[in-house]
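The values are calculated or read from the model by the stated rules, or taken from the named source; none is laboratory data. This structure is a prediction, so every number in the text was calculated from the model and none was measured. Methodologically, a virtual Cβ is constructed for each residue, glycine included, from the backbone with ideal geometry; neighbour enumeration extends over all protein chains shown.
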Amino acid sequence: MPSIVVENLTIDIPVLSMRARSLRAVAVAKARSIGGKIVDNGSHITVVRALDEISFTLGRGDRLGLIGPNGAGKSTLIRVLAEIYAPSIGKIERQGTLIPMFDIGIGFDQEATGYENIMLRGMMMGLSRREIADRTNEIAAFSELGEFLDLPIRTYSAGMTLRLMFSIATSVAGDIILMDEWISVGDESFQSKAQRRMLEITGKAGISGHRVARSEHAASALYARNAPREGARGRFRTDRKSLEPANTECSGVVRRWSF
């Protein structure tokens, strides 16, 4: 059964530089507008505390949406859950297959064909050659790129390249889906198709989490409504209240917190 348990999670980002004093002065001056807390961790190294003692539990069926201004720590938390960043303090326990959907364009070779890039990107995602081969026809069909897949992607338009990236990234399934933001690409007709694909893969996942646009428009189809969330705590910014459910349209199985 998929689960994520976060206990007293704290992330400190050290400021390491020969210009540490001047950087500290700049950081302190801008801390309020950018987000994060400037602290002394006892070792005379200036750090930015991005997350402060966060605790919560996610189980099967939970959908986590993170809402907040720039610098609140939304992307940091998602990346810690994906094990891109390690906790400075506290721990995270996870059960289930993790599928992080960040930077879907990493690993693409502009001189390689579309088909070759399917193989390259698939290998970066941890798939075997056999697994990639089994998915290639479905990826090609979803991308709707046809014969262009035999050409180097440097000949593609930006929209065509994004179609291919999206088709590859969403060809895998897992127990836990994490995204820095809701992925939507292409023209109007393809965006509708992409939206259905995203709802399908997040619907099948045991747990999903992502950073929500401040307007929440892109995520509105995900969220059920009218039930409270209890037991979550922590601080994302020192000038904001402790972690708790958003007051507006807070969901039940959906865990949606304002920063």
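Quick check on G159: is it in a loop (DSSP other than H, G, I, E, B) and not hydrophobic (A, V, I, L, M, F, W, C)?
On the way: in a loop (DSSP other than H, G, I, E, B): no; not hydrophobic (A, V, I, L, M, F, W, C): yes.
Criteria not met by G159.
Kindly establish whether I89 is touching a helix residue (DSSP H, G or I) at 6+ places or on another chain (Cβ under 6 Å) and in contact (Cβ under 8 Å) with a residue 60 or more places away in the chain.
Details: touching a helix residue (DSSP H, G or I) at 6+ places or on another chain (Cβ under 6 Å): no; in contact (Cβ under 8 Å) with a residue 60 or more places away in the chain: yes.
Taking the combined requirement at face value, the residue does not satisfy it.
Restricting attention to region 167-194, report how many residues are over 23 Å from V80 (Cα atoms), in a loop (DSSP other than H, G, I, E, B) and at pLDDT 85 or above.
Residues in region 167-194 being over 23 Å from V80 (Cα atoms), in a loop (DSSP other than H, G, I, E, B) and at pLDDT 85 or above: 1 in total.
Determine which single condition G65 fails, assuming it passes every other condition in (1) over 29 Å from E200 (Cα atoms); (2) modelled with pLDDT under 85; (3) in a strand (DSSP E or B).
(1)
Could you list, in sequence order, the residues of region 68-82 that are under 15 Å from E7 (Cα atoms) and part of a loop (DSSP other than H, G, I, E, B)?
Within region 68-82, none qualify.
Failed condition for S167, given (1) exposed (fewer than 15 other Cβ atoms within 10 Å of the Cβ); (2) within 16 Å of F190 (Cα to Cα), with all others met?
It is condition (1) that S167 fails.
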